[in-house]
Every structure is written in C-alpha cells, then in structure tokens.
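*Asks:* Dumping the structure here so I can ask a few things about it.
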Amino acid sequence: MSETENLAQNQPHFSTEDTTHFGFQTVAKSEKQKLVANVFHSVAAKYDLMNDLLSFGIHRVWKRFTIDCSGVIKGHKVLDLAGGTGDFSAKFSRIVGEQGEVVLADINSSMLEVGRDKLRNLGVVGNINYVQANAEELPFADNTFDCVIISFGLRNVTDKDKALRSMFRVLKPGGRLLVLEFSKPILDPLSKVYNFYSFNILPKIGEVVVNDADSYRYLAESIRMHPEQDVLKEMMSQAGFEQVSYYNLSAGIVALHRGYKF
Ligand SMILES: C[S@@+](CC[C@H](N)C(=O)[O-])C[C@H]1O[C@@H](n2cnc3c(N)ncnc32)[C@H](O)[C@@H]1O
C-alpha cells in the first residue's frame with residue numbers, strides 16, 4: 001500500500017462529535033468552514049481555468065451527463081447549490097426558460113461574485129437569483145424546488161448529513177437531488193496513476209497557475225476523505241431520498257448520485 005493510501009486509510013472517514021477532517025488534517029468542526037472558505041477565496045478568480053486544466057476539460061462531459069440525467073424541463077425551479085462559478089446555472093437557465101427559475105447558491109462571496117459576472121457576460125439574466133447560503137441551513141421554504149444539484153460541493157460541507165436533510169426539505173414531492181462528486185476509482189491500475197497525479201502534479205499546477213499549492217493539496221486530500229459510492233448512497237437514503245442510484249463516470253473518479261423525494 002502506498003504512503004498516500006496509508007494516510008487516507010488511517011483517517012476517520014466520519015467525524016466525531018467535535019472534530020472533522022479538512023483534507024487529511026483533523027480539525028474542530030467549528031473551524032472547517034473557515035478553512036474551506038480560505039480555499040475558495042484563494043482560487044475563485046482562476047477556478048474555471050483550473051477546472052479545465054486539471055480535468056483536461058473532462059468536467060464538461062461529466063456536467064453534460066448530469067444535465068441529461070436531471071429531468072429538468074421548461075418551467076422548473078432548480079437550485080444549483082454550492083454552484084460556485086455557475087456552470088450548471090447557465091445551462092439550466094436556458095432549459096427552464098422564462099417561466100422557470102434557477103437559484104445559484106453558494107456560501108462563498110468570491111465564488112458567487114465570479115459566477116454572477118460570468119453569467120451576466122453570457123447573457124444569462126431574468127430567471128436567475130443569487131443567494132449566499134450554507135448547504136446545511138438552506139434559507140428556502142419547504143417543497144420549493146423541482147431539482148437540487150450539488151456538484152463538487154458536498155465534499156467541502158462540514159455536516160453532510162445535515163446538508164442532505166436540508167436539500168430533502170426544500171425539494172418538492174417528486175423532485176430529485178443530483179450529487180456530482182469525486183469518488184473512488186473502480187480500477188486498481190487507474191488508482192495508482194490517479195494518486196500520483198493528484199498528490200504530485202496537481203499541487204504543482206496550483207502553485208504555478210494560482211500561486212497556491214496548498215488549496216490543490218486540499219483538493220486531492222478531500223477527495224480521498226469523501227464517502228465512497230455506496231456510503232454516500234446510504235447517506236442519501238438515511239436523509240429520506242428514495243430510489244437512490246449512482247453512475248460511475250471515468251471509472252469512478254467521479255460518481256453521479258440521484259435520489260427522489262416522494
Ligand atoms: C469545487 S466548487 C464547485 C463549483 C461548481 N458547483 C462546479 O461544479 O464547478 C465547490 C463550491 O462549494 C462551495 N461550498 C463549500 N461549502 C459550502 C457550504 N457549506 N454551503 C454552500 N456552498 C459551499 C464553495 O464555496 C465552492 O464554491
């Protein structure tokens with residue numbers, strides 16, 4: 001077993017009452033939100049560029065697949081939670097049209113600001129609202145949305161169970177949650193290459209492009225600490241979702257989970 005795999009295996013995948021993980025570090029629960037905020041304030045301006053560079057553009061394919069699985073149609077109300085720079089908001093805004101609505105919600109003011117500027121430049125106006133909100137305590141009425149999407153966001157949330165319950169609450173009966181997130185590769189040889197890339201190359205690219213290796217080291221570590229496919233599926237069921245299923249994308253580097261509120 002490699003040093004990286006050893007490290008990940010020795011970390012608690014579930015938080016204790018007072019502590020949780022920030023990458024491979026154990027931190028006080030009250031501290032994690034601030035540490036995550038620092039990461040996204042630091043990377044916001046170059047977030048989109050880094051997404052393309054680090055994934056070789058493949059994040060666009062994962063996102064396209066997610067939209068195809070969303071069932072979102074004209075007139076729907078969609079919550080793009082932890083929506084950051086608004087890739088999903090831009091696409092859903094066009095799909096739901098004038099009678100629909102998209103809410104781009106994120107806890108981080110820098111990410112929201114970059115998202116708002118980007119969407120305005122793309123001509124996305126009218127059916128979109130921007131809300132600064134914590135996924136754990138969503139400031140929306142019960143039964144508001146037809147679809148909630150959280151993409152590459154859940155990994156960063158301190159209390160994931162609380163956040164999933166909050167998403168369940170704001171969904172309408174018949175609505176669905178989509179969780180697109182890094183997950184556990186299902187092919188062993190791929191894991192080795194992927195681990196090398198994540199822990200050796202990724203922080204170096206972060207250093208060169210954003211002058212911030214630490215945030216990209218956190219990215220690699222937080223992916224290893226995130227609940228794997230079947231664990232997340234069970235967490236969604238525990239939060240009340242039904243017919244929960246997932247698709248492995250790029251051999252499990254990423255997984256799309258979907259669940260319904262009936
Ligand atoms: C990796 S970015 C993903 C952005 C976008 N959804 C995408 O797929 O490109 C993660 C986002 O999660 C947000 N975030 C982290 N913790 C959050 C929380 N507790 N509630 C809401 N948003 C959160 C961050 O501010 C950041 O914008």
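Read-outs: derived from the displayed coordinates by stated rules, not from any lab. Being a predicted model, the structure only gives us computed values, none of them experimental. Glycine gets a Cβ as well: all are built from the backbone with ideal geometry, and neighbour counts include every protein chain shown.
*Asks:* On a 19 Å Cα-Cα criterion, which of the cross-link pairs Lys172/Lys261; Lys77/Lys172; Lys34/Lys77; Lys162/Lys261 come out too long?
*Replies:* Working: Lys172/Lys261 7 Å; Lys77/Lys172 10 Å; Lys34/Lys77 30 Å; Lys162/Lys261 16 Å.
Cα-Cα > 19 Å for Lys34/Lys77; rest within.
*Asks:* With Cβ to Cβ distances under 12 Å as the rule, what net charge do the other residues near Arg169 carry (K, R +1; D, E -1)? Don't jump to the answer; show the numbers that get you there.
*Replies:* On the way: positive: Lys162, Arg165, Lys172, Lys261; negative: Glu136, Glu137, Asp142.
Result for the local shell: +1.
*Asks:* Tell me the mean residue ellipticity at 222 nm calculated for the chain from its helices only (DSSP H runs of n ≥ 4, each -39500 (n - 2.57), averaged over every residue, nearest 500). Can you show the working numbers first?
*Replies:* Details: 11 runs with 118 residues, N = 262.
Taking each H run of at least 4 residues, the total per residue is -13500 deg cm²/dmol.
*Asks:* I'd like the orientation of helix 213-225 relative to the chain: the angle between its Cα long axis and the longest Cα principal axis, in ° from 0 to 90, rounded to 10.
*Replies:* Value to nearest ten degrees: 80.
*Asks:* Hey, if you put +1 on the Cβ of every Lys and Arg and -1 on every Asp and Glu Cβ in the chain, which of Ile128, Gly84, Leu49 ends up farthest toward the positive end of that dipole?
*Replies:* Value computed over the given set: Ile128.
*Asks:* Let me ask something additional. Rounded to whole Å, give me the distance from the Cα center of the stretch 71-94 to that of the stretch 182-252.
*Replies:* The stretch 71-94 and the stretch 182-252 have Cα centres spaced 23 Å from each other.
*Asks:* Find out how many positive minus negative residues lie around Glu101, taking Lys and Arg as positive, Asp and Glu as negative, among other residues whose Cβ is under 14 Å from that of Glu101. It would help to have the intermediate numbers written out before the result.
*Replies:* Details: positive: Lys74, Lys77, Arg94, Lys172; negative: Asp80, Glu98, Asp146.
Within the 14 Å Cβ shell, the charges total +1.
*Asks:* Could you tell me what percent of the DSSP beta bridges with both partners in the stretch 117-262 are antiparallel, to the nearest 5? Present the calculation step by step, with values, prior to reporting the outcome.
*Replies:* Working: 13 of 19 bridges.
Counting DSSP beta bridges with both partners in the stretch 117-262, the antiparallel share is about 70 percent.
*Asks:* Could you rank the peptides 105-113, 231-239, 126-134 by their average count of other C-beta atoms within 10 Å per residue, with the highest value first?
*Replies:* On the way: 105-113: 20.2, 231-239: 17.8, 126-134: 16.0.
Ranking, from highest mean packing down: 105-113, 231-239, 126-134.
*Asks:* Of the beta bridges DSSP finds with both residues in the chain, what % are antiparallel, to the nearest 5?
*Replies:* On the way: 17 of 37 bridges.
Expressed as a percentage, antiparallel bridges in the chain total about 45.
*Asks:* Residues of the stretch 37-76 with amide nitrogen under 12 Å from the 7 Å Cα-to-Cβ point of Asn121?
*Replies:* 45-49
*Asks:* Tell me, what is a quarter of the convex hull surface for the C-alpha atoms of the stretch 124-258, in nm² with one decimal? Please report the intermediate quantities before stating the final value.
*Replies:* Numbers: hull surface 38.9 nm².
In nm², the orientation-averaged hull projection of the stretch 124-258 is 9.7.
*Asks:* Turning to a different aspect of this structure: Of Thr26, Ser222, Gly174, which is farthest along the charge dipole of the chain in the positive direction, counting Lys and Arg as +1 and Asp and Glu as -1 at C-beta?
*Replies:* Gly174
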